[in-house]
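One structure is given below, encoded as structure tokens.
The values are calculated or read from the model by the stated rules, or taken from the named source; none is laboratory data. Predicted model only: the values in this text are computed from it and were never measured. Reconstructed Cβ throughout: ideal geometry from the backbone, glycine too, with neighbour counts over all protein chains shown. These area figures cover heavy atoms from the full protein model, side chains too; ligands, DNA and RNA do not enter into them. Shrake-Rupley method; radii C 1.70, N 1.55, O 1.52, S 1.80 Å.
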Amino acid sequence: MEPKVTKFDLIILGASGFTGKYVLKEALKFLNKSPLNSIAIAGRNPTKLSQTLKWASNPNPPPTITILPADTSDPSSLRSLCSQTCLILNCVGPFRLHGESVVSACVDSGCDYLDICGEPEFMERMESDYHDRAGEIGSLVVSACGFDSVPAELGLLFNSLQWVGPAVPNRVEAYVSLESMKRIVGNFATYESAVLGVANAKDLQAFMRSRPRRRPRPQIPGPSPSKGQTIEHQKKIGLWAVVLPSADASVVRRTLSTLTEKPNGLPGSNESSETVQKREAFWSSVKPAHFGVKIGSKSLFGILRIIMVGICIGLFGSTGFGRWLLLKFPCLFSLGWFRKNGPSEEEVESASFKMWFVGRGFSNGSLASQENTKHDMEIVTRVTGPEVGYVATPIILVQGALILLSQRKNLPKGGVYPPGIVFGPTDLQQKLQQNGISFDVISKSTISS
């Protein structure tokens with residue numbers, strides 16, 4: 001496959017949005033350093049994009065960067081973008097409303113695509129509708145390349161790699177804890193996506209049932225996990241927790257399903273024999289496990305507050321008028337966690353996250369097949385980093401883009417994939433650690449019966 005000759009290494013679509021402007025700010029740190037020699041920014045409002053460029057460059061004068069007109073409702077403008085670059089970073093959400101046209105343009109042109117989507121319905125539909133053609137054309141489409149869902153994907157893989165044979169994991173539970181010295185304020189687009197997700201939940205279920213082929217399930221040693229308590233007190237990490245209905249679990253399942261079909265991972269388009277050996281060695285060390293995600297709080301009151309917000313979104317999100325109320329008054333219905341103008345820069349700077357991975361399994365795989373067997377081993381790992389929406393997400397997206405640009409021949413020719421199966425064997429984890437997102441082993445211990 002001949003490399004595509006393009007004007008720009010990447011184009012950031014939606015660069016003037018709440019998250020897009022921080023993606024631009026992060027990308028500017030690496031501009032004029034190989035492999036990122038040229039970028040452009042695109043969106044509907046050139047004036048707003050120009051103002052964003054000045055903001056992102058502060059205190060330095062803005063570099064000379066091309067501003068391109070583009071609208072997700074105008075396919076010709078998107079085709080024009082794709083003709084000028086080999087990679088689109090899509091920051092325009094909600095993706096169920098604005099994302100498909102961008103994916104379609106990228107696939108038709110053979111352009112690669114990364115986004116920061118956290119919407120399971122969108123990702124499932126894009127895989128169903130575009131995977132085969134993207135593979136034929138040579139367009140690599142990877143969603144969830146932000147806080148949704150790279151920390152979950154790489155965090156699970158990191159925990160899995162700590163289980164050295166004959167030990168095997170059975171269940172890994174992730175606990176997300178958002179922290180701040182001030183107050184936690186989320187991205188309105190994230191809130192809007194959650195509201196629309198409730199509205200489209202039945203459509204997603206119907207779509208999944210209608211798919212002609214079910215995904216293969218990995219063989220996981222030991223019993224299937226029980227449902228457990230609605231509210232859990234995880235004393236070891238000091239958190240109260242409740243199930244988080246995020247994209248992370250479904251994205252991880254897609255990676256593990258792909259790995260079940262392709263135990264050596266996805267071949268690169270033109271990888272060296274050394275890279276093949278590295279990729280195969282990496283995936284041979286990964287042990288699949290049942291995976292779930294919970295949102296945690298240091299206090300029971302914090303968890304009750306989370307449950308109240310979830311109930312509000314669940315009840316009101318099922319009707320048109322209810323959704324109007326939720327989107328009209330986000331601060332009220334989210335108890336102050338979301339507002340239309342987003343967090344202040346001080347609130348962004350003061351926030352951080354911890355994502356704990358509590359893995360339970362067996363010190364010897366042979367124990368897993370015994371009747372009424374119980375876990376006898378636990379490994380706790382943790383991923384930590386800065387504020388999730390405006391700092392961690394841009395770091396993750398930009399580092400993923402740099403790896404795609406510099407290591408394209410080692411990545412799949414094309415197709416629609418989750419980030420874990422694509423970036424797992426690369427040095428993305430190391431790059432994230434160099435840029436403020438840490439991966440640590442907290443403890444390894446035996447569990448007394």
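Over region 310-449, what is the relative contact order in whole percent, taking alpha-carbon pairs under 8 Å and six or more residues apart?
Computed value for region 310-449: 25 percent relative contact order.
Using a 1.4 angstrom probe on heavy atoms only, work out the carbon and sulfur share of the accessible area of region 377-449 in %.
Carbon and sulfur together cover 46 percent of it.
Straight-line reach from Lys444: which aspartates and glutamates have Cα under 18 Å away, leaving out those fewer than 8 places along the same chain?
Straight-line reach from Lys444, under 18 Å: Glu173, Asp376, Glu378.
What 222 nm value per residue comes from the helices of the chain, counting each DSSP H run with n ≥ 4 as -39,500 (n - 2.57) and dividing by all residues, nearest 500 deg cm²/dmol?
-12000 deg cm²/dmol
Cross-link partners among aspartates and glutamates for Lys298, C-alpha distance below 12 Å, same-chain residues fewer than 8 apart left out?
Result set, ordered by chain and number: Glu179, Glu232.
Below 8 Å, C-alpha to C-alpha, sequence gap of six or more: please give me the relative contact order for the chain in percent.
22
If a cysteine in the chain has no other Cys Cβ under 4.7 Å from its own Cβ, put it on the list, ordered by number.
Cys86, Cys91, Cys117, Cys145, Cys312, Cys331 - these cysteines have no disulfide-compatible partner (Cβ-Cβ under 4.7 Å) in the chain.
Over 27 Å between C-alpha atoms is what I'm after, so list which of Lys21/Lys328; Lys227/Lys340; Lys7/Lys262 land there.
The answer is Lys227/Lys340; Lys7/Lys262.
How big is D, in µm² s⁻¹, for the chain by Stokes-Einstein at 20 °C and 1.002 mPa s if Rh is the Kirkwood radius over C-alpha pairs?
For the chosen part, D equals 95 µm²/s.
Label Arg217 and Thr6 with points 7 Å out from Cα along Cα→Cβ: what is the distance between them in nm?
Distance between label points: 3.9 nm.
What FRET efficiency comes out for Asn270 versus Lys444 if R0 is 35 angstrom and r is the Cβ-Cβ distance? Round to the nearest 0.05.
Taking R0 as 35 Å, the efficiency between Asn270 and Lys444 is 0.35.
Note the full-extension length gain between Arg305 and Lys48 as 0.36 nm times their separation in residues minus their Cα-Cα distance, in nm to one decimal.
88.9 nm
Mind giving me the FRET efficiency for Ser57 and Asp427? R0 is 25 Å, r the Cβ-Cβ distance, nearest 0.05 is fine.
So the FRET efficiency works out to roughly 0.35.
When we measure straight from the Cα of Lys278, which aspartates and glutamates land under 12 angstrom away, once same-chain ones fewer than 8 places off are left out?
Output for Lys278: Asp427.
Along the charge dipole of the chain, which of Ser83, Val293, Gly314 sits closest to the positive end, that is, farthest toward it, with unit charges on the beta carbon of Lys, Arg, Asp and Glu (+1, +1, -1, -1)?
Gly314
For a protection proxy built on the mean count of beta-carbon atoms within 10 angstrom, sort 299-308, 227-236 highest first, please.
Result, highest mean first: 299-308, 227-236.
Quick one: accessible surface of Val388, probe radius 1.4 Å, all protein chains present, in square angstrom to the nearest 10.
About 30 Å², ignoring ligands and nucleic acids.
Which residues in region 298-341 have a backbone N closer than 16 Å to a point placed 7 Å from the Cα of Ser180 along the Cα-to-Cβ line?
298, 302-303, 305-306, 309, 330-341
Report the extension gain between Gln370 and Met208 in nm, rounded to one decimal, defined as 0.36 nm multiplied by the number of residues separating them, less their alpha carbon distance.
54.9 nm
If you count only protein heavy atoms with a 1.4 Å probe, what accessible area per residue comes out for the chain, rounded to a whole Å²?
46
Take the alpha carbon atoms of region 324-429, find their radius of gyration, then divide it by 2.2 N^0.38 Å using N residues; give the quotient.
1.59
If each of Gln84 and Lys298 carries a label point 7 Å out from its Cα toward its Cβ, how far apart are those two points in nm?
Distance between label points: 4.8 nm.
What spacing in nm lies between the two simple spin-label points modelled at Ser38 and Ser128, each 7 Å away from Cα in the Cβ direction?
Taking the simple label geometry, Ser38 and Ser128 are separated by 4.0 nm.
Taking Cα centroids, how far is region 1-79 from region 291-335 in Å?
When both Cα centres are located, 34 Å separates them.
Defining a contact as two alpha carbons under 8 Å apart and six or more residues distant in sequence, what relative contact order in percent does region 202-268 show?
Relative contact order comes out at 35 percent.
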